[in-house]
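Working notes for the structure below.
Read the figures in this text as sums done on the coordinates, not as results from a lab. Model, not experiment: these values are computed from the prediction. Using ideal geometry, Cβ is built from the backbone for each residue, glycine included, and neighbour counts are taken over all protein chains shown.
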Amino acid sequence: MRYDALQLATLRLRNFDVAKFQGEKGISVDLENQKLSLTYLNFLCTILFPEIRFEQPRFLNEKEKILVLHYLLNSTGVRDIERWIGFKEIDSGYVYFPSMNSRVILPIVKNFGENPLKFVEISKTIGGKKSGLSEYSMQFPVFPKISTIFTLVPADSEFNADCSVLLQYTAKEIFDTEDIVVMCEEIAEKIISKL
């Protein structure tokens, strides 16, 4: 029998001792009502267990549900480290960079390279906050132990627009490289969809 990633993550979490989430940063466990709650990109996610059904928000797509489940499965016991790394510093980052570039960086540059203020304005609507790195640098608290920073460098008379992505170090401890690309892609898609 072949399972897809969502089915596999769901099966794994069904067999996980949810009591282990108690005391984990940003994860609330309600054993009486059989609910797990955590924040994903400014939204409260509630998952009913043991069946592992998303109660809210109902609009999460399949990729986002997989990310939430992978986060729950892999974040237990991982220390929250406030250190930033570039995408190429993660395992297989160099190999995956063309995918990251085409799925995240180029769409942001294409849609906001000429209008960086719009990038900042829209980023705030999905929970982004100014990172302090530059005027057009936004930090997104994706999960309780994972944030990412998108820095847009607008086009000028000498250079084309560009975008860089920094990840909280814990991202590489919790997610594999494809999950990190998907996480960043979801952020980019949410920003672009609000144009």
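Computed values, structure above
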| quantity | calculated |
| --- | --- |
| Residue among F143, F159, F43 with the largest mean-square fluctuation in a Gaussian network model of the chain, springs linking Cα atoms under 10 Å | F159 |
| Cα-based reach from K110 at 16 Å (exclusive), listing lysines while leaving out same-chain residues under 8 positions away | K118, K190, K194 |
| Label-point separation, T39 to N74 (7 Å along Cα→Cβ), nm | 2.2 |
| Share of Cα-Cα pairs in region 25-119 lying beyond 18 Å, as whole percent | 64 |
| Rounded D (µm²/s) - the chain, Kirkwood Rh over Cα pairs, Stokes-Einstein at 25 °C, 0.890 mPa s | 141 |
| Over region 68-195, relative contact order from alpha-carbon pairs under 8 Å, at least 6 apart, % | 34 |
| Added length on full extension, which subtracts the Cα-Cα distance from 0.36 nm per residue, N111 to S157 | 14.7 nm |
| Vicinal HN-Hα couplings computed from phi for region 63-72 (Karplus, 6.51 cos²θ - 1.76 cosθ + 1.60; Hz; Gly/Pro x) | 4, 5, 4, 4, 4, 4, 5, 4, 4, 4 |
